[in-house]
Every structure is written in structure tokens, then in C-alpha cells.
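Notes follow once the structure below has been shown.
The values are calculated or read from the model by the stated rules, or taken from the named source; none is laboratory data. Computed from a predicted structure; not experimentally measured. Here Cβ is always computed from backbone atoms with ideal geometry, including for glycine, and neighbour counts include all displayed protein chains. Accessible surface areas use protein heavy atoms only, side chains included; no ligands, DNA or RNA. Shrake-Rupley method; radii C 1.70, N 1.55, O 1.52, S 1.80 Å.
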Amino acid sequence: MLEAAFSSGADAVYVGPLGWSRRRARFELDDCDIEKAVGIAHSQGKLLRTAFNTFPASPEISLGLKKIEKFLKIGVDSFIMTDPGFIYLVHKNFPHAQIHLSVGASALNKEEFDYYHKIGVSAVAVPCELTIKELKDLKENTRCGIEVLVHANRDYTYLGRCTMSSYSCHSWAKDKNNKNQFYGSPNRGGLCYRICKLQWDPLGDKQWSRDCRSSVKNGLGNNAYFLFQDIPDYIKMNVDWLKVQGREYSIPLVKEIISFYRETMDMVFGGGSPSKDKTICRRLSRLVSWRDKERNSMTNQLLKESCN
Amino acid sequence: MKGKMFELNTSVFTLKELKNTDISSYDAIYLGDSFCRQYKDNLSENCKDLKTAIRIVKDKGKKVFVSTYAVPRNADLKGVEKTLFNAAKSGADAVEIQNYGVLRISRREFPELPVHIGSLANIYTVATALKLKEDGVKRIKGNYELCLDELAELNNSAGLETEVLLHGKMILGISEECLTKKWSNKKTKACQDFCRRNNYLSSKKLVLNNFGRVTLSGKDMCTIEHLPLILDKGFRFFRIESFRESRDYAAQVGNIYRNAIIEALESRKYSYKKYLLGLKNFSPIGFCNGYYFARSGQDYIHSKK
């Protein structure tokens, strides 16, 4: 997937070290593979970033610091993180390490951006709830770079502020490196079972039940999105990074999404208007169907697991 | 706080609720709703009511803390700063903060005002607790996903007051918008006050309690059976969550836990069964232990005795 992402136009790729990212082991890489990934990225003049975007257990922080030291030595370009204490320690121990704040921290306002900047964060992956006006304000009034997720999913709660999955189904299991996998807790590195995608029945107050039955019968929210029409605005306000969330999708789909965004950006830089281009709009429509098919299949699998 | 001393607290959202609730079982009260700035008569947003409420609680010899909005965007910051100002001016003993931006404002503008950090600030590690200690924070509440041993590690390592949930519904998520309004088929901008009623969502074996922007656990976290263990681990700051519950809930659940804590601290023959019977009336969906035993939040584990 790494090579496919670079060949389709990505400038940087995030990979998850085993046990440390918001995805399960099969979407993560061991240290040897990360070293190889750095080699591939750098040979093409691209960047390799690693995701430590979970809240670890306290004793695991020393393991994390050792891993980050090792990754800095092999040339990893930056780290995306969530836990404030862990971020602060990485910055204190390795002041030259570039740290991005994960969207899982849900940083919502300029004072919060400044708090994280002071503890070592240089860029923030912004929650998808923030408006263009808010992003412009944050870009102009804080010292942090901004990373916008152009393809991701919008949860029905702020990301990183939801424990519904682990409330429903959660267990502890340590891997061979003594890192807890925290199954069912995406905040802690296990996978989200997407409980919000279940079918729900309202109970209790009669009027409330009657009024909202149709809204919740097919789930509470959590829908994947493609940001497309806003790309010219992001470019105009000098957003630093546009990010495609894609680890759970097939390689051909990720390749197509990245090349779609690369071509869209090239068109904007060339003075064109992608939202008026019928070919691009038709391509987006095909991508949405393809992505939805793969995502629905993954969601059904996760819901089945959670019920077992 | 050590030995047989302890603090039992709960939260009250409005002046009317405060006047109608028997708070005699509590040592401290958190005033105001952290989740919705539009909640009618929210003490966090109403300077006059807040001043009166602080006086009422203080006159009863109790400590008073003021809750601040948990998920402020840029446009909310002035309002949140006003809440901090009102809390400081009216003599609150501390403010409860759930957002690191608000912490920054509070320490910069009101350095004398003690700060408690709430569970939505995602304190998972001792490293974060130590950073907050450097920031001048007085009390922390770990994320609900922490087990008892992890909370004890926070309590023992950070040198901060560590508050733990003893009973009530857990916050499972907070959203950008009011979900009761969003899901309603009546498309109106006005608040319909649905969050003041009993709203549950059910799917298979799971029940959630919907409260405006927040999703709460359907089951009530209940630790009455495990109180001796919790006290043995050194915790002394305890919260009863009574969001949107009846006034009897706050009064009677508080009373049951106060008696139970005193019994557990003073006697080796603590018996929880009489207390459990009293609590059952208030929890139609049942009990859980949250994450205290490193299991799914909705599980209930019986003590080994």
C-alpha cells in the first residue's frame, strides 16, 4: 500500500507501529517493516510518518519512548500523537522530533492549539466538525500547522471523546512486546466496533420515541465523507497537509482516492474549478460507491465480532 | 485526604434543581452543565443564579465547584472565560475544566482559582497527570476507561487529588450538536427540552441514555459492593453522577453511599446488600462496574467474598 500511495501522488504516508495506532495489528507494521518503509519513502524524496495516536497505559510510555528513539535513528520523519503527557515527554527527550497532534485529541479552539504547541506539537489534525471559517481563524492565529482530513469519517461524537465501543465490548490482551491491545477501545489502540452503526430503537419518553424513531433505526451517525468542493478554500488559506484516511481500504481503492485528490489539487493550482468539471464529479461518484461498499463490508464484520 | 476523611460530591445544573434537592449527604457540589451552553437556566451560563447558588451551598458548609463548557470552539471562548470570571468573583472553591484551552485561559487569567480536570479531558496516563501538576492543577478525574489499578497509579504517583466515580451514568460520548434535536423529526431551531425527559436507545443487549449532546450509559455504574476495595486503594474523593435524574436520586443515592462509606471505613464487617436494595429502585436498566475491572464498561462483576 505504501508504494501504491506514493506512486499515486502522496507526499507522505503515516504507518502504525504494532500496538500503537488506532487500528488493529493487521493494519500496522513491525519495526523492520517500518525501517524498510523509511527507505522506500526517502528513496523517492517522500516522508514516512508514524502514528502513536492512542492513549497508552502509563507503564507503556517508557516502551513508547524507546521506540520513538529507535525510529528517529532510522529516519522516521514525524510522529502523530494524542496523549498530552506522552507528547510532552517526547518533546523534552527529543526536542528535534516533529510531533503532530492526532484528530483523536479533538483540539477545538485556538487556546487549545496554543496549549499543545507549548508542549511540543507543530501541527494539528483538525476535527472534521470545524468550519472553513474556524480553520482560517486557527491558521491565522496559532503557531501550529493544520492538517485536514479530506477523506475520513465523521463520527456522531467528537473523535477521541467516545467510549461506546468499549462500553459494549472490551478486553485486555498483551502482545509479545508487553503492549496492551485494549480490544474494543480505539482511544487506547484497539479497534472501534462501530456500535453506533447498529439499528436502534428509542425507548422512554413517548414523544421522543415517536419523533426520532426513523432517525436512529439505521444507526446514530458515523458516515464516511469525501471533502471535495472545499479544496480550493484549503489551498487558498495555506492548509499545510490534506490527509486521506485509508488504512482499512483495498490498495486499488486507496490508489484511486489519492490520485483523485492529487489531480484535483493540480487542477486548482492550475486555476481550474474541479467542482464544475463533469468528469471529476463522475469519478467522485464512482469512488463514493466503491468506498461505501468496502466500508459497509468492514462495518458488518466489526458489528458481528462485537456481538460474539 | 487520608484515613477516615473523605469527600462525596455530585453535580447540580440549575438553581431550581439546587433549591429542590436535599444535598445534605454531600460534602461538595459541582454547579452547572458542562455539556450544553443552551441548557435552560444552566448555572455555568447565568451569573446571577450562580452567585446565589454558590451562597446557598456555602451557607450549608459545603465546598462548591463550578463546571465549565467541555467542548468550546473559538466562538465559545469568551463565554467560558466569563464563567471562570464569575466563579472566581463569587468565591467558588474550584472550577472543573475538560478542555486544555480552557485550562490555559484559567491559569493565565485567574491563577488563584483552583482547577479540577474532568473525565472528558482524557487523562489516561501518569505522564499527563504530572504535566497537569506542573500546570498548577489541583484535582484530576481519569478517563472512565481506566481500571481501578490504573486510577490508583494516578492517585499514588501524581500527588494530585484523584476523584473517582462511585455511582451514576457514565458519559460515553459528546457530540457537536444536540442529538435529541438532530434526531427529532420536528425541524425547529428552538430547544425542545427533550433532554430533561427519559430518553433511551436500545439495540440488542445494549442500552444508552441520551442527554442532549452527550450519550450516557444506560446502566448505572454501581460500586457499592466494591467500596472496601476502592477505599483500600486509597481513594477519598468520590463522585455521584446525577445528570438529569430525579431530586430523590441525588438525595437518596448520596445518603446510601455516605452511610456505606462510613461503614466500610469503620467496620471490617461491611455488608453491601442492604444498600444495594435501596439503589435498585433508581436504576431501571440495571448496574455495571464501568471499566474498573478491565472489562467491558457495561459488565457487572461480583466481589470475591
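Odds and ends about this structure:
- Subset of the range A:48-86 that is more than 25 Å from B:L146 (Cα to Cα) and assigned to a helix (DSSP H, G or I) - its residue that is least open to solvent (accessible area, probe 1.4 Å): A:F71
- Number of positions in the range B:138-165 that are over 18 Å from B:Y292 (Cβ atoms) and open to solvent by less than 10 Å² (accessible area, probe 1.4 Å): 2
- Among the residues examined, B:K205 does not qualify as within 22 Å of B:Y124 (Cα to Cα) and either open to solvent by 50 Å² or more (accessible area, probe 1.4 Å) or out of contact with any Gly (no Cβ under 6 Å at 6 or more places or on another chain) (or both).
- Of note, A:L89 does not satisfy the criterion of being open to solvent by 10 Å² or more (accessible area, probe 1.4 Å), facing chain B (nearest Cβ under 9 Å) and not in a helix (DSSP H, G or I).
- The lone exception for B:E245 - which of (1) part of a loop (DSSP other than H, G, I, E, B); (2) within 7 Å of chain A (Cβ to nearest Cβ) it fails: (2)
- Qualifying residue in the range A:17-31 (condition: touching a residue at least 24 places away in the same chain (Cβ under 8 Å) and touching a His at 6+ places or on another chain (Cβ under 9 Å)): no
- Residue within the range A:91-102 that is within 16 Å of B:E134 (Cα to Cα) and free of Cβ contacts under 8 Å to residues at least 40 places away in the same chain present: yes
- Extreme residue, most open to solvent (accessible area, probe 1.4 Å), among residues of the range A:264-275 that are in contact (Cβ under 8 Å) with a residue 40 or more places away in the chain and part of a helix (DSSP H, G or I): A:S275
- Screening B:A75 with (1) open to solvent by 20 Å² or more (accessible area, probe 1.4 Å); (2) at pLDDT 95 or above; (3) away from chain A (no Cβ under 14 Å) gives one miss only, at (3).
- Unique residue being more than 16 Å from the chain's Cα centre (by Cα) and of a type outside the set (G, A, S) when the list is A:E112, A:E129: A:E112
- Taking the range B:244-264 as the range and being open to solvent by less than 10 Å² (accessible area, probe 1.4 Å) and over 13 Å from B:L279 (Cα atoms) as the test, only B:I261 passes.
- Scope the range A:134-168; condition in contact (Cβ under 8 Å) with a residue 40 or more places away in the chain, assigned to a strand (DSSP E or B) and within 10 Å of chain B (Cβ to nearest Cβ); matching residues: A:R154
- Qualifying residue in the range B:128-141 (condition: more than 18 Å from the chain's Cα centre (by Cα), on the phi > 0 side of the Ramachandran plot and more than 7 Å from chain A (Cβ to nearest Cβ)): yes
- Residue that is least open to solvent (accessible area, probe 1.4 Å) [pool: residues in the range B:166-200 that are acidic (D, E) and more than 7 Å from chain A (Cβ to nearest Cβ)]: B:D193
- Verdict on B:T215 being buried (at least 24 other Cβ atoms within 10 Å of the Cβ), within 13 Å of chain A (Cβ to nearest Cβ) and out of contact with any strand residue (DSSP E or B) (no Cβ under 9 Å at 6 or more places or on another chain): no
- Residue within the range A:102-118 that is open to solvent by 10 Å² or more (accessible area, probe 1.4 Å), out of contact with any Leu (no Cβ under 9 Å at 6 or more places or on another chain) and not in a helix (DSSP H, G or I) present: no
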